[in-house]
Every structure is written in C-alpha cells, then in structure tokens.
Amino acid sequence: MSSYLLKTLTKKEEIDRIIRDTIDEVLVLRFGRCTDAVCLHHDDILAKSATDVSKFAKIALVDVDSEDVQVYVKYFDITLFPSTIFFFNAHHMKLDSGTADHTKWVGAFHIKQDFIDVVEEIYRGAMKGKMIVQCPVPPERIPKYQLLYKDV
C-alpha cells in the first residue's frame, strides 16, 4: 500500500515537532486509519502526489487510534475519516470549500490533481499572509458529509 511511503505519526510529540519544524512549506496531516478503505484511497492519492508537491509541502499520516494523539483529534473535532489538516509555519491554514467546516478537508480527494491544486493554493495564499484560501476544486468533486447530532 502507498501509505507505507508516507511517515505515520503516533505520538503527540511527533505531531508537535513536525508542525513546529516545517518552515516555508505546507504541512499536510491526514488523520485516519490505515485499515479504512476511504483512508487507503486518500493515502494512495497523497503518496502519488508527494513528489509533485515536494518542493513546497510535506505530507504525514496521523493514526487516530493512537491514544497519544487524541488531544489533536479532539482539538480539531475530527469525527469523520479521513480528515486532512493543513499548516504553514506552524499556523493552521483554513480552506473555504463551500462546506460548513473550513478547518479541514473531510473525505478523500477524487483525483491526484485536486489534492495538488489545494496544496498549491494554500502555499500561494500562505506566502501572501492569508490564513484562509478558496478551494480550487470544483464543487462536484468536494466530498459532502451530513453532520449528525445525537440526542437533538
């Protein structure tokens, strides 16, 4: 599987370090499970895109089943997998994709070029000092998730 080509983080300290130490590059953190079919599809796209974005981005996987990373899972309100979060110089970058949640990309990218376009857009925006960018992916290729509330 392609996910073996990408570094997997299982400890809070590893996530802290990669966020702190990734300078002048977009940091892409995929939160999910390597046993989930949608995550595997997403990871395959990330792995196949790694070389294309290597000059301006770093990609890592976060194992959501690791007890030590739950502080990040809770902080970013990660309930659906995969969820992908972007950083630039330790700042959380937001992506307006027309969904209610601008803090992360939820679901898998449909095609490799969509992921590359998103990372390029975040990089260009970050270099101009922006903290949120417009999603370049056409609306029909943006995963739609219905947020469900229990006991409402």
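Only residues in the range 91-116 that are on the phi > 0 side of the Ramachandran plot count as the first member; pair them with residues that are surrounded by fewer than 18 Cβ atoms within 10 Å (Cβ to Cβ) and in a loop (DSSP other than H, G, I, E, B), Cβ under 6 angstrom, at least 6 apart or cross-chain, and list the lot. From residues that are on the phi > 0 side of the Ramachandran plot, the pairs are Gly107/Pro143. The single condition among (1) over 15 Å from the mean Cα position of the chain (by Cα); (2) modelled with pLDDT under 95; (3) not in a loop (DSSP other than H, G, I, E, B) that Ser3 does not satisfy is (1). Note on the range 118-140: residues that are in a helix (DSSP H, G or I), under 18 Å from Gly98 (Cβ atoms) and aliphatic (A, V, I, L, M) total 2. For the range 65-86, taking the residues that are open to solvent by 10 Å² or more (accessible area, probe 1.4 Å) and in contact with a helix residue (DSSP H, G or I) (Cβ under 7 Å, 6 or more places away or on another chain), the one that is nearest to Cys34 (Cα to Cα) is identified as Phe81.
The values are calculated or read from the model by the stated rules, or taken from the named source; none is laboratory data. In this text the structure is predicted, and so the values were computed from the model without any measurement. A quick note on method: Cβ atoms are made from the backbone with ideal geometry, for glycine too, and the neighbour counts reach across all protein chains shown. Quick note on the areas: whole protein, heavy atoms, side chains included, nothing else; ligands and nucleic acids left out. Shrake-Rupley method; radii C 1.70, N 1.55, O 1.52, S 1.80 Å.
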